[in-house]
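The values are calculated or read from the model by the stated rules, or taken from the named source; none is laboratory data. Remember, it's a predicted structure, so these values are computed and weren't measured experimentally. Counting neighbours? That spans all protein chains shown, and the Cβs are built from the backbone with ideal geometry, glycine included.
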Amino acid sequence: MKYLVPGLTSLLLFVHLLAAAQATKPRAGKPAPKATVQKKTAPAAAPAPAPAGLVVPSWLPAEAPLQPAATILTDVIDTKLDVRFDYKKQYLLGTAILTLRSHFYPQSEVVLDAKGFDIQKIELVGEKKNRSLNYNYNRRKLVIALDQPYPRSTPYQLRIVYVAKPNELPLGGSAAITSDKGLYFVNPLGTEKNKPRQIWTQGETEASSCWFPTIDKPNQRMTQEISLTVEKQFKTLSNGTLTSSRVNADGTRTDTWKLTQPHAPYLATMVVGDFAVVNDSWHGKPVDYYVEPQYAGTARAIFGHTPEMLDFFSKKLGVEYPWEKYAQVAVRDYVSGAMENTTATTHGSTIQATRRELLDANYQTAETVIAHELFHHWFGDYVTCESWSNLPLNESFADYSEYLWAEYKYGADEASLVQEIKLNNYLEEATAKREPLIRYRYVNREDMFDRHSYDKGGRVLHMLRKYVGDDAFFTALNRYLTQNKLSAVEVSKLRTAFEETTGEDLTWFFNQWFMQRGHPELRITHSYANGQVSLHVQQIQDTLFQPVYRLPVSVAVWTNGNQPTEHRITVTKADQTFQLPAGQKPVLVKFDSENQLLAQIDEDRSQDELVFQFYHAKTYQQKSEVMELLQNKTADLAVSSLLRNAMNDKFWQVRRLALDHLRRYRGPEPEGMRKDIQRLATTDRNSRVRAQAIATLATFPDGSYGPIYGAAIADSSALVAAAAIKVLAKKPEPSTRQQVASIDNTPSSPLIVAIADYYALNGGLDQYQWFLRRLPDVADADLYAYFQSFGTLMTHIPPVERDKGLKILEDYARNAPRYEIRLGAYHGLALLLPSMPNLKAVLQNIREKETDDRLKAFYNLM
């Protein structure tokens with residue numbers, strides 16, 4: 001996977017909204033035919049032309065080309081690499097020995113992916129002597145003429161000597177994977193203060209061929225051996241186990257890593273750097289954590305649940321973790337959230353944390369990513385999607401592992417919160433685009449890395465689990481993994497595993513949820529008469545472009561007492577009424593009482609019913625829904641009482657949400673309510689609740705909360721301190737400047753950003769040097785906000801003093817590897833335009849030279 005960075009969700013959505021906004025003209029054409037799935041899943045059809053005058057929804061993507069799985073002419077059986085590095089030029093000097101075999105038909109040539117190499121020699125490896133081979137090379141594809149046609153029964157070996165030059169490749173990437181040059185040198189000459197020297201690789205989707213020659217498709221599978229020659233002070237990491245480590249005469253060291261079970265080329269990895277290695281184990285297998293040395297003391301706190309996850313997932317799936325070791329490494333300047341390289345997961349450096357930062361950790365931070373990448377070692381590494389069209393076979397499962405781990409480790413409320421976040425992520429994206437999960441048509445394979453493949457896919461798996469039951473669900477997953485181990489598959493294999501397990505033809509489920517776009521939009525009403533509840537369910541989605549869904553779902557009817565009567569119904573029509581027996585008028589009728597549907601639901605309930613729902617909720621989501629629906633009625637005594645109860649709920653997120661809905665509270669007993677909020681701001685055990693309480697207090701125009709904010713600056717939690725500083729940035733107290741200055745050397749990046757916000761509004765020339773000095777300590781994920789604060793501060797200082805800051809912002813706006821950092825720097829510069837009209841030409845030049853389509857779209861709207 002590429003773990004989708006949560007902080008990029010809004011930017012990702014904005015890109016999609018841009019695309020939707022540009023599609024304002026109705027396109028001529030017919031409604032898209034509804035895809036049908038027989039025993040072999042058929043590719044989803046592209047939208048066909050709609051009748052004249054038909055308004056096509058803005059979320060319907062334009063027609064895209066068919067993207068079938070790559071035709072396999074040759075199999076890569078094994079790859080042996082011997083590599084060393086030129087740090088000054090940022091080159092890899094490599095020798096590859098590839099063991100190849102014709103897939104079925106005899107082949108007299110082989111076509112390899114090799115991007116931007118200098119090819120120095122290509123030889124056929126012989127028993128006694130190697131033979132040079134002729135080849136053609138266009139800097140992307142390497143076509144090698146073999147000495148004879150080779151039948152599938154006869155493997156052969158090629159030896160290729162080459163130089164990889166990743167920085168000379170054209171810039172590419174996506175919102176999920178911000179660069180695709182495959183091989184990355186971090187601070188190669190050691191000139192950047194506070195940044196280690198590192199080398200790492202990132203292969204997904206097809207960037208491994210930027211650093212070694214291969215057939216760079218997910219339906220290839222190879223064993224592997226990589227020998228890395230590095231400076232002796234560096235640690236190395238690659239797939240498999242370390243089989244040898246040899247000190248060389250020139251003072252370098254050569255480490256050899258070997259993977260004995262085959263995996264796809266995009267999962268190959270190597271990492272070089274100055275790491276502390278913290279050792280753990282599980283069932284006799286090494287479990288190692290590679291971190292920067294200053295984080296050695298907290299590595300086990302960050303990654304320490306990994307052995308328990310290995311145990312939980314192995315038992316749940318009935319397939320023991322199938323690889324020889326498991327390592328995790330944190331690297332600088334990573335181009336995505338994390339990546340499941342086989343046996344050696346790479347994380348971005350933000351997963352590292354100090355002891356103070358760990359105080360703010362909750363399930364949604366490090367453990368989410370750790371669980372996700374580990375689960376990929378079954379779904380993605382052990383069984384791999386045969387094409388990027390089938391990416392949800394990797395990503396949906398990894399996404400759902402986050403729910404499974406939360407459910408097991410932290411309970412139903414935490415799992416329900418995961419469900420809510422993921423559902424909202426998908427529905428947000430669905431306002432701008434709706435695609436089938438399995439997409440045989442797309443423009444760019446990177447388009448597959450979206451909230452559909454992740455969040456929607458995970459929710460579809462949850463519905464499948466609820467439909468077949470836990471026993472059948474995990475038995476089917478075991479069958480899928482066992483029958484397809486170490487191979488590449490399409491979605492029909494998953495459906496077959498479930499059908500063989502349950503005995504039921506599940507074409508209907510896979511057709512509507514995997515092969516067709518969209519989701520149900522439901523309007524639910526109910527009435528009571530003659531001992532029956534009439535439940536009216538309408539599917540109001542646009543059924544020209546989306547299906548009428550078959551929806552097995554539970555309905556809870558509460559009459560009296562604390563236990564409802566559960567009814568299992570199946571919605572099959574666009575407009576349907578169900579009669580449910582009830583001895584008396586219900587106090588609540590709750591459609592989808594298990595909160596398992598992936599749907600937008602407009603459910604008619606009175607305020608009394610909603611209040612009852614809160615106090616009798618089965619899940620966190622049901623409490624959250626009530627608070628959302630009643631947020632504008634806080635002046636009502638019953639609602640304000642509900643929110644006061646919510647502030648004492650056992651689950652931290654319920655308390656935090658209640659505080660959020662109490663912003664600008666104007667209901668009964670305002671002083672009592674504010675005292676409750678102050679109590680949570682100072683004593684709640686969860687730092688996220690304390691931080692929200694501070695933000696909520698700041699919305700009240702009256703009252704003096706300066707002492708609370710001041711004390712919060714010294715809170716053990718950086719999150720709480722940052723919340724207080726953000727409040728005080730707009731309403732500073734006399735002592736605020738001194739308090740902020742006393743902590744402005746903090747190592748916490750989020751706290752640096754909060755201080756930057758304070759100085760941007762309240763600082764001047766004295767703080768200019770602070771911005772320059774702290775820049776190297778700001779995490780990539782926080783630079784977008786930091787640069788805008790920096791630009792704001794510079795509006796408060798004389799133009800003659802701005803030169804260094806302007807150069808920094810311009811350099812980042814032009815050259816930062818991540819597009820959201822370039823955007824933040826551009827915004828920082830743009831803030832100075834009113835006082836520096838000469839910047840107009842600079843900004844225009846930045847826009848003109850930008851090659852990233854996402855940023856071009858942003859700039860066009862500015």
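Do you know which residues across the stretch 107-146 are more than 30 Å from K89 (Cα to Cα) and either modelled with pLDDT under 95 or exposed (fewer than 13 other Cβ atoms within 10 Å of the Cβ) (or both)?
S108, G126, E127, K128, K129, R131, A145
Residues V555, V533: which one is in a strand (DSSP E or B), in contact (Cβ under 8 Å) with a residue 24 or more places away in the chain, farther than 29 Å from L506 by Cα and in contact with a Leu (Cβ under 8 Å, 6 or more places away or on another chain)? Full working, then the answer.
Numbers: V555 fails: farther than 29 Å from L506 by Cα.
Result: V533 is the single residue among V555, V533 that is in a strand (DSSP E or B), in contact (Cβ under 8 Å) with a residue 24 or more places away in the chain, farther than 29 Å from L506 by Cα and in contact with a Leu (Cβ under 8 Å, 6 or more places away or on another chain).
Would you mind telling me which numbered condition in (1) more than 33 Å from the chain's Cα centre (by Cα); (2) of a type outside the set (V, I, T); (3) modelled with pLDDT under 95 Q631 fails?
Among (1) more than 33 Å from the chain's Cα centre (by Cα); (2) of a type outside the set (V, I, T); (3) modelled with pLDDT under 95, Q631 violates only (1).
Conditions first: (1) touching an Asp or Glu at 6+ places or on another chain (Cβ under 6 Å); (2) over 23 Å from G94 (Cα atoms); (3) free of Cβ contacts under 8 Å to residues at least 12 places away in the same chain. S245 passes all but one, so which condition is the exception?
Among (1) touching an Asp or Glu at 6+ places or on another chain (Cβ under 6 Å); (2) over 23 Å from G94 (Cα atoms); (3) free of Cβ contacts under 8 Å to residues at least 12 places away in the same chain, S245 violates only (2).
Of all residues in the stretch 611-632, how many are assigned to a helix (DSSP H, G or I), of a type in the set (A, V, I, L, M) and not assigned by TED's automatic domain parsing to the domain that holds T559?
Step one: of the stretch 611-632, the residues assigned to a helix (DSSP H, G or I) are 611-615, 620-629, 631-632.
Still in the running and of a type in the set (A, V, I, L, M): 611, 626-627, 629.
From what's left, not assigned by TED's automatic domain parsing to the domain that holds T559: 626-627, 629.
Qualifying residue count for the region: 3.
So, R685, is that one over 23 Å from S742 (Cα atoms) and in a loop (DSSP other than H, G, I, E, B) or not? Full working, then the answer.
Values: over 23 Å from S742 (Cα atoms): yes; in a loop (DSSP other than H, G, I, E, B): yes.
In short, yes.
Restricting to strands (runs of 3 or more DSSP E) lying wholly in the stretch 318-388: which have 2 or more residues that are closer than 23 Å to L404 by Cα and β-branched (V, I, T)?
Details: elements: 326-331, 344-348, 383-385.
Result: 344-348, 383-385.
Hey, could you check the stretch 643-668 for residues that are modelled with pLDDT under 95 and not small (G, A, S) and say which is surrounded by the fewest Cβ atoms within 10 Å (Cβ to Cβ)? Break it down into steps so the answer makes sense when it comes.
Let us first name the residues in the stretch 643-668 that are modelled with pLDDT under 95, namely 663-668.
Checking the rest, the ones that are also not small (G, A, S) come to 663-666, 668.
On the way: R663: 16, R664: 9, Y665: 20, R666: 11, P668: 14.
Going through the qualifying residues, I end up with R664.
Somewhere in the stretch 105-113, is a residue in a loop (DSSP other than H, G, I, E, B), over 26 Å from T229 (Cβ atoms) and without any contact (Cβ under 8 Å) to a residue 60 or more places away in the chain?
We begin by selecting, within the stretch 105-113, every residue in a loop (DSSP other than H, G, I, E, B); these are 105-106.
Checking which are over 26 Å from T229 (Cβ atoms) leaves us with 105-106.
Cutting the leftovers down to without any contact (Cβ under 8 Å) to a residue 60 or more places away in the chain gives us 105-106.
Yes - at least one qualifying residue is present in the stretch 105-113.
Going by what's in this entry, would N560 be described as out of contact with any His (no Cβ under 7 Å at 6 or more places or on another chain), surrounded by fewer than 17 Cβ atoms within 10 Å (Cβ to Cβ) and either part of a strand (DSSP E or B) or of a type outside the set (D, E) (or both)?
On the way: out of contact with any His (no Cβ under 7 Å at 6 or more places or on another chain): yes; surrounded by fewer than 17 Cβ atoms within 10 Å (Cβ to Cβ): yes; either part of a strand (DSSP E or B) or of a type outside the set (D, E) (or both): yes.
Yes: the conditions hold for N560.
Determine, yes or no, whether G190 is at positive phi and buried (at least 21 other Cβ atoms within 10 Å of the Cβ). Please lay out each step first, then the result.
Working: at positive phi: yes; buried (at least 21 other Cβ atoms within 10 Å of the Cβ): no.
Criteria not met by G190.
Counting only residues that are within 15 Å of I199 (Cβ to Cβ), of a type in the set (D, E, K, R) and part of a strand (DSSP E or B), how many does the stretch 72-91 have?
Residues flagged as within 15 Å of I199 (Cβ to Cβ), of a type in the set (D, E, K, R) and part of a strand (DSSP E or B) within the stretch 72-91 amount to 2.
For the stretch 198-213, enumerate the residues that are closer than 20 Å to D78 by Cβ and surrounded by fewer than 24 Cβ atoms within 10 Å (Cβ to Cβ).
Listed by number, the list holds a single entry, E206.
Could you tell me how many of the residues in the stretch 582-610 are assigned to a strand (DSSP E or B) and not acidic (D, E)?
In the first step, residues of the stretch 582-610 are kept if they are assigned to a strand (DSSP E or B); the result is 588-591, 600-603.
With the extra rule that they be not acidic (D, E), the set shrinks to 588-591, 600-601.
The qualifying residues number 6.
Condition check: farther than 26 Å from V553 by Cβ, surrounded by 24 or more Cβ atoms within 10 Å (Cβ to Cβ) and over 13 Å from the mean Cα position of the chain (by Cα). Does R445 satisfy that? Even if it seems obvious, please write down each step before you answer.
Working: farther than 26 Å from V553 by Cβ: yes; surrounded by 24 or more Cβ atoms within 10 Å (Cβ to Cβ): no; over 13 Å from the mean Cα position of the chain (by Cα): yes.
Judged against the criteria, R445 is not a match.
Could you check the stretch 500-522 and list, in sequence order, the residues that are in a helix (DSSP H, G or I) and either surrounded by 18 or more Cβ atoms within 10 Å (Cβ to Cβ) or among the hydroxyl-bearing types (S, T, Y) (or both)? Can you show your working first?
Keep residues of the stretch 500-522 that are in a helix (DSSP H, G or I), which gives 500-502, 507-515.
The answer is T501, T502, T507, F509, F510, N511, Q512, W513, F514, M515.
Return yes when T256 is more than 25 Å from G304 (Cβ to Cβ), surrounded by fewer than 18 Cβ atoms within 10 Å (Cβ to Cβ) and free of Cβ contacts under 8 Å to residues at least 40 places away in the same chain and no when it is not.
Working: more than 25 Å from G304 (Cβ to Cβ): yes; surrounded by fewer than 18 Cβ atoms within 10 Å (Cβ to Cβ): no; free of Cβ contacts under 8 Å to residues at least 40 places away in the same chain: yes.
So T256 fails the test.
Just to be sure, is T570 within 30 Å of F397 (Cβ to Cβ), among the polar types (S, T, N, Q) and surrounded by fewer than 13 Cβ atoms within 10 Å (Cβ to Cβ)? Can you show your working first?
Values: within 30 Å of F397 (Cβ to Cβ): yes; among the polar types (S, T, N, Q): yes; surrounded by fewer than 13 Cβ atoms within 10 Å (Cβ to Cβ): yes.
So T570 passes the test.
Looking at the stretch 114-142 only, could you name the residues that are part of a strand (DSSP E or B) and either more than 10 Å from R159 (Cα to Cα) or in contact (Cβ under 8 Å) with a residue 40 or more places away in the chain (or both)?
Within the stretch 114-142, the subset part of a strand (DSSP E or B) is 117-124, 131-132, 135-137, 141-142.
Answer for the stretch 114-142, where residues must be part of a strand (DSSP E or B) and either more than 10 Å from R159 (Cα to Cα) or in contact (Cβ under 8 Å) with a residue 40 or more places away in the chain (or both): F117, D118, I119, Q120, K121, Y135, N136, Y137, K141, L142.
Out of all the residues in the stretch 415-432, which are of a type outside the set (D, E) and within 18 Å of the chain's Cα centre (by Cα)? Spell out how you get there, then give the answer.
Of the residues in the stretch 415-432, the ones of a type outside the set (D, E) are 415-419, 421-427, 430-432.
A415, L417, V418, Q419, I421, K422, L423, N424, N425, Y426, L427, A430, listed by residue number.
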